[in-house]
Every structure is written in structure tokens, then in C-alpha cells.
Amino acid sequence: MRELLLPKFNNNDEGCVLVDWAVEDGDEVFADEVVAEVETAKALEELVADVDGVLHRLVEVGAQCEFGRPVGLLFDSHQERDDYLANLASAEVSTAPEGEDEDHDGGPEPILSDAARTLAQDHGIRSEQLRSLGKRVVKASDVQRLIDQGVMDQGAESAAAVAAGAAADAAAVVSLSTRQRAVAAVVSEAHRTIPAAFAAIAVDLTAFRATRGGAPYGLVELLVKAMAARQADFPLFFATPGADHTLVLASDANVGVTIDVGTGLFIPVLRDAARRPIGDLADDLMDFRVSALRQNFRGDAFADEAITLSLHNDPDIILAAPIVHPGRTCVVTLCAERSEVALAEDGTPFTRPVTTVAVTYDHRYLNGRDAVRFLTAVKQDLESADAIARLAG
């Protein structure tokens with residue numbers, strides 16, 4: 001028997017979410033075959049088997065998994081797996097309280113995993129419904145199938161009423177996709193562990209419009225340069241939380257930028273953004289969008305991110321506050337460009353192009369005053385023709 005270990009796909013995450021199994025429980029797999037798909041804070045990754053074997057799953061779809069921990073077992077044969085399950089069931093029965101393995105009618109009760117027991121209790125699944133599965137060992141996925149089929153506790157209602165109720169429920173309930181369940185797990189973990197705060201600032205784009213001309217870059221690339229240029233002044237915004245209330249400062253201003261072209265959210269990294277020409281960054285961003293469409297990113301495209309830029313450029317978006325991913329201290333947001341009415345010094349109204357730049361930050365490491373100072377510094381660079389020329393030069 002070999003453990004199917006989850007490798008560490010990047011240094012910024014402590015773990016990931018198992019999005020989908022590519023192989024059924026108990027099926028044979030071959031060395032280098034993809035057996036599961038997992039999602040880190042940055043991308044989807046494939047988990048491959050290192051040897052031939054018969055797969056036994058240890059975690060369910062949607063589970064939060066730690067790097068270096070087993071998510072499955074690979075047995076040399078079906079018989080070896082059967083023996084393992086038999087021994088496991090026998091051990092659980094022997095440690096159960098007296099009488100726990102029988103129901104009120106004297107029939108044997110199935111053995112439930114902890115996750116299966118919790119799920120059954122939350123959804124009112126009865127013992128006879130669990131026994132109807134015909135399994136000695138019941139896992140959470142088995143209980144979920146009962147829930148999906150609408151087999152719920154209906155007390156003294158007739159079988160016909162139960163079936164009618166299940167049909168009605170099925171018409172009103174939509175199950176989340178495996179990808180969305182993975183997103184839910186990441187978001188829940190972020191909200192549970194990170195005390196986030198938020199600040200936003202309006203940026204006048206008049207100077208950007210006037211100086212850009214036909215230059216082969218856009219506001220996204222210019223903002224990346226403006227953020228990266230401030231690393232020395234605001235190093236904690238480019239840091240990774242460590243143990244015992246410490247932060248590991250980044251050596252380079254590597255900026256992760258969200259890319260979503262309808263095939264999922266990716267956060268590839270623009271490396272060394274402070275020193276590289278803005279045209280190179282524009283080329284990289286175009287390559288990232290093509291890779292997102294084809295879903296063929298390079299293996300190092302998501303490595304060594306120091307700060308994140310989240311793009312919300314739909315025309316009507318004026319404000320957005322994304323989550324701070326575990327492993328980061330903040331995420332900067334760029335919203336859509338819009339027109340705003342302003343007054344000249346003589347009181348004459350005029351319109352000007354503006355956008356909103358915001359930062360969501362982990363309040364354990366960054367304070368509101370620092371967030372405002374950071375945003376103000378970026379705003380000054382984006383509103384100054386001289387600063388724009390320096391960043392784009």
C-alpha cells in the first residue's frame with residue numbers, strides 16, 4: 001500500500017481544495033495518470049499517481065486538504081483493499097459502545113465515518129435509509145447521494161407523500177458545481193481566518209488619457225508599475241504572513257493579476273514588475289489571457305506572488321472588495337473607468353475620467369492609516385504626467 005500524497009504546488013498556500021476525483025473509488029490507476037483535480041488560491045492543479053494501484057479515497061470532493069498529507073491510498077490489488085476495509089470496519093465495530101452496532105429492531109447498523117454521521121444528522125437521514133444503501137461502511141458521499149435523491153426524514157408520512165415531497169424539493173433546489181463548492185471552501189476559510197478591512201480612493205485619469213497617446217500599454221500595466229514602485233515605501237503590503245506574528249518580506253515586486261476569460265479565475269504573476277519595461281508587462285498579460293483561454297499556463301506562472309491586483313473592469317462596477325487570499329496581506333482592486341462631473345476653479349462644470357482603486361487588507365498586519373497612505377501614493381503617480389512618463393519609460 002502507498003499513500004497518495006498531496007504535493008506543495010506553491011509556497012504561498014498552506015493547502016488547497018480537492019475539486020474533483022478523476023478516478024472512481026476502488027478503480028485501478030496507472031503511474032502518471034491524473035487521479036484528482038485540486039484548486040489552490042491561484043489555479044487548478046492536477047494530482048497524478050506515482051505508481052500503479054487500486055485507489056481508495058480518503059477525502060471527499062470539496063474538502064480542504066493540507067500539502068504533504070495523503071488524500072488517498074494505492075493498493076497493490078483489489079483483495080488488499082478489501083482486506084483493508086474489512087479490518088477498518090472490524091476495528092470501528094470493536095471500539096463502538098456496546099449495542100451501538102444494532103438498531104431498535106435488532107438489525108445491524110452500518111458504520112459511519114465522522115463526516116457521514118455529521119451530514120446524516122444535519123439532514124435528518126434515518127437509520128433505515130442508511131441501511132438501504134446496503135453498505136457496511138458508509139461515507140459522506142453515500143449520505144450525500146441520499147440527500148440528492150430527496151430521501152429525507154418524513155416521520156409518519158406515507159411513502160407516496162415522501163416521493164411527492166422529494167420531487168417538489170428537487171424542482172426548487174440547485175446543487176452547486178464542484179468548482180463553486182471549491183470556491184465556497186476558499187472564501188469561507190478566508191473569512192474565518194482573516195480579519196479584513198477595506199479602503200478606496202478615486203483616481204483622476206485625465207493625465208493618463210493625455211499622456212498615453214498610442215502607447216502599447218493600458219491602465220492595468222500602469223497600475224502594476226505604480227504598485228511595484230512603492231514596494232520599498234510599503235514593504236508590508238508585499239509580505240507573506242509567517243509564524244508567531246512575523247512577516248516574510250518579498251525580495252521582488254511580483255504582482256499577481258486576476259485573469260478571467262470565462263474559463264475560471266487565474267492569478268498569474270508579473271515578475272519583477274518594478275524593474276521590467278511596461279511593454280514587457282503588457283506582452284505578459286496578453287500571453288496570460290491566451291493561456292487562460294487554452295488553459296495551458298506554464299508551471300511557474302503562479303509562483304512567488306508578493307501582492308495581488310484584482311481587476312473589476314465591467315463598465316458599471318464602481319467599487320469591489322475581494323477576499324484576501326491566505327498567504328497574502330492585501331489585495332488591490334481596480335474598478336471600471338467612468339465619467340464624473342467636477343467643477344473648475346471658476347465654478348464651471350466639466351466631466352473628467354475617473355476610476356476607483358481600493359485595497360482590502362489583513363488588519364492583523366496593516367492598519368487603516370497605512371492603507372490610505374499606500375493608496376494616496378499610487379493615486380499621485382497615476383495622476384501625474386511626470387510620474388506616468390517615469391513609470392512607462
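The values are calculated or read from the model by the stated rules, or taken from the named source; none is laboratory data. Just so you know, these numbers come straight off a predicted model, no measurement behind them. In this analysis, Cβ positions are derived from the backbone assuming ideal geometry, glycine residues included, and neighbour counts consider all displayed protein chains. Note: accessible area is taken over every heavy atom of the protein model, side chains too, but ligands, DNA and RNA are not part of it. Shrake-Rupley method; radii C 1.70, N 1.55, O 1.52, S 1.80 Å.
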Go through the range 59-73 and give me each residue that's touching a His at 6+ places or on another chain (Cβ under 8 Å) and over 12 Å from Ala36 (Cα atoms). Leu73
Per the list (1) surrounded by 13 or more Cβ atoms within 10 Å (Cβ to Cβ); (2) polar (S, T, N, Q); (3) modelled with pLDDT of 70 or more, residue check on Ser132 breaks on (1)
Based on this model, can you work out whether Ala344 counts as crowded, with 19+ Cβ neighbours inside 10 Å, modelled with pLDDT of 90 or more and among the small types (Gly, Ala, Ser)? no
Out of (1) assigned to a strand (DSSP E or B); (2) touching a helix residue (DSSP H, G or I) at 6+ places or on another chain (Cβ under 7 Å), the odd one out for Phe297 is which? (1)
Would you be able to say whether some residue in the range 147-168 is at pLDDT 55 or above, outside any helix (DSSP H, G or I) and not hydrophobic (A, V, I, L, M, F, W, C)? yes
Sort out which residues of the range 45-55 are touching a strand residue (DSSP E or B) at 6+ places or on another chain (Cβ under 6 Å) and surrounded by fewer than 20 Cβ atoms within 10 Å (Cβ to Cβ), and write them in order of number. Glu45, Glu46, Val48, Val51
Just to be sure I understand, how many residues within the range 20-56 are aromatic (Phe, Trp, Tyr) and over 24 Å from the mean Cα position of the chain (by Cα)? 1
Mind listing whichever residues of the range 253-270 are at negative phi, within 14 Å of the chain's Cα centre (by Cα) and open to solvent by 10 Å² or more (accessible area, probe 1.4 Å)? Thr258, Asp260, Leu265, Phe266
May I ask you to list pairs of residues, at least six apart or on different chains, whose Cβ atoms are under 8 Å apart, with the first in the range 6-34 being farther than 18 Å from Phe75 by Cβ and assigned to a strand (DSSP E or B) and the second being of a type in the set (Ser, Thr, Tyr) and at pLDDT below 85? Cys16/Thr40; Val19/Thr178; Asp20/Thr178
Breaking point among (1) among the hydroxyl-bearing types (Ser, Thr, Tyr); (2) out of contact with any Lys or Arg (no Cβ under 8 Å at 6 or more places or on another chain); (3) open to solvent by 50 Å² or more (accessible area, probe 1.4 Å), for Tyr361: (3)
Going by what's in this entry, would Cys330 be described as touching a helix residue (DSSP H, G or I) at 6+ places or on another chain (Cβ under 8 Å) and either hydrophobic (A, V, I, L, M, F, W, C) or closer than 30 Å to Ala243 by Cα (or both)? yes
Would you be able to say whether some residue in the range 57-74 is open to solvent by less than 70 Å² (accessible area, probe 1.4 Å), over 15 Å from Leu6 (Cβ atoms) and more than 14 Å from the chain's Cα centre (by Cα)? no
Output the residues belonging to the range 208-222 that are open to solvent by 60 Å² or more (accessible area, probe 1.4 Å) and outside any helix (DSSP H, G or I). Gly213, Gly214, Pro216
